[in-house]
1. Do any residues in segment 228-248 that are closer than 14 Å to G267 by Cα have Cβ atoms under 9 Å from those of residues that are of a type in the set (F, W, Y) and not in a helix (DSSP H, G or I), where the two are at least six apart or on different chains, and which pairs are they?
2. Quick one: which helices (runs of 4 or more DSSP H) sit completely within segment 134-236 and have at least 1 residues that are surrounded by 19 or more Cβ atoms within 10 Å (Cβ to Cβ) and among the acidic types (D, E)?
3. Being touching a residue at least 40 places away in the same chain (Cβ under 8 Å) and either closer than 24 Å to G140 by Cβ or surrounded by fewer than 17 Cβ atoms within 10 Å (Cβ to Cβ) (or both) is the filter here; which residues of segment 61-79 pass it?
4. Can you report the number of residues in segment 4-19 which are without any contact (Cβ under 8 Å) to a residue 60 or more places away in the chain and either in contact with a Phe, Trp or Tyr (Cβ under 6 Å, 6 or more places away or on another chain) or small (G, A, S) (or both)?
5. Would you mind stating whether L257 is part of a helix (DSSP H, G or I) and surrounded by 12 or more Cβ atoms within 10 Å (Cβ to Cβ)?
6. Would you point out the residue of segment 260-298, among those that are more than 32 Å from the chain's Cα centre (by Cα), assigned to a helix (DSSP H, G or I) and aromatic (F, W, Y), that is surrounded by the fewest Cβ atoms within 10 Å (Cβ to Cβ)?
7. Does segment 108-126 hold any residues that are touching a helix residue (DSSP H, G or I) at 6+ places or on another chain (Cβ under 8 Å) and outside any strand (DSSP E or B), and which are they?
Amino acid sequence: MAAIKQFYRYLPLSDNVRERDLYVIAGGIGHIPPHTSYPPGLHPADHSLRWQNGRVLQEYQLIYIAQGGGVFQSQSAGVRRIGAGTLFGLFPSEWHRYSPDQDTGWDEYWVAFQGRTASNALAECRLSPEEPVVEIGIHGEIVEEFLQISREMHEEAAGHQPVMAARTLLIMALVSSAILRDRLAETDLGRITEKAKCLLLERTNQPVNMQDLAAELNVGYSWFRRMFRQSTGLSPAQYHQQLRLNRACEQLRATTLPIALISQDLGFDSPEYFARIFKAKINCSPREYRNMSQAPPIPPSEIPGRKSGVEG
């Protein structure tokens, strides 16, 4: 689909699609210039949006404003200002209305969806009827996912519904991630976690005593361990072990260093201990991983431009 200023579509839905955990109903993109009527185009009667009356839908929607600004109002949340980099959600049976400012217009990206898991998915990205608006900043990756959903709608190729559903879930995951990162960025927890991650990355060639690391960061160990897990999903020791194993995997793939030397370089107590930890976490031995990851050498006779027995 070529780049366009306006596109929206309401999809025909089969009974099989309606049985899915999450499915896309409609979506679109719109560039709304200043001093133009809103919304553009003609929408189905049950989706008609006029500021004077507002509307009530029986579906979920995500609307992301990439440029410009305006206002959003709903029954549960009241009136909220909307600026560039803001995303807001619509909920079934919730009266609402929204519109860009006449002086600025806005660029909007939206997707409408339903399904058994829709409510939980929205809750995961911190959206609710009472708090439907989040400021996440300008995110090209989120815009791209909305664009891809619109392309799938436009082409309506086989299998487009599961692809659109997956992209909708990815948008919500990206929103959740953006909110968490923004909240952590300016807090002591965020700064301490980022400093700890940097120190652990620098020390992948040695074991790290996490109590000593907490002392180095001037925080209590119990608090540090609990907050680090809250931020990353892993304890500091698990995070560090994963970094060391990731580095081991890189060396096994990219070098011919003996496995015992890789173990020594990464500060494991012994090659046997390294092999045991590696197999427990990667589900194969270091040697098996190397054999699977490294392509077999190409015989000279099979190299393009060479002939058997001829020196190049």
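1. Qualifying pairs under 9 Å: R244/F268; A248/F268.
2. On the way: elements: 140-155, 160-185, 188-202, 210-216, 221-232.
Output list reads 140-155.
3. Here is the first cut: in segment 61-79, the ones touching a residue at least 40 places away in the same chain (Cβ under 8 Å) are 61-67, 72, 74-77.
Q61, L62, I63, Y64, I65, A66, Q67, F72, Q75, S76 - these are the residues of segment 61-79 that are touching a residue at least 40 places away in the same chain (Cβ under 8 Å) and either closer than 24 Å to G140 by Cβ or surrounded by fewer than 17 Cβ atoms within 10 Å (Cβ to Cβ) (or both).
4. The total comes to 1.
5. Considered against the rule, which asks whether it is part of a helix (DSSP H, G or I) and surrounded by 12 or more Cβ atoms within 10 Å (Cβ to Cβ), L257 comes out as no.
6. Within segment 260-298, the match that is surrounded by the fewest Cβ atoms within 10 Å (Cβ to Cβ) is Y273.
7. G115, A121, L122, E124, C125, R126 - these are the residues of segment 108-126 that are touching a helix residue (DSSP H, G or I) at 6+ places or on another chain (Cβ under 8 Å) and outside any strand (DSSP E or B).
The rows are residues; the columns are (1) surrounded by 17 or more Cβ atoms within 10 Å (Cβ to Cβ); (2) in the same structural domain as G159 (by TED's automatic domain parsing); (3) aliphatic (A, V, I, L, M); (4) in contact with a helix residue (DSSP H, G or I) (Cβ under 7 Å, 6 or more places away or on another chain).
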position: L11; (1), (2), (3), (4): yes, yes, yes, yes
position: R18; (1), (2), (3), (4): no, yes, no, no
position: I25; (1), (2), (3), (4): yes, yes, yes, no
position: G30; (1), (2), (3), (4): yes, yes, no, no
position: P33; (1), (2), (3), (4): no, yes, no, no
position: P40; (1), (2), (3), (4): no, yes, no, no
position: A45; (1), (2), (3), (4): no, yes, yes, no
position: L49; (1), (2), (3), (4): no, yes, yes, no
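The values are calculated or read from the model by the stated rules, or taken from the named source; none is laboratory data. The shown structure was predicted, so the numbers you read here are calculated from the model rather than taken from an experiment. Cβ sites come from the backbone with ideal geometry, for glycine too, and all protein chains shown count toward neighbours.
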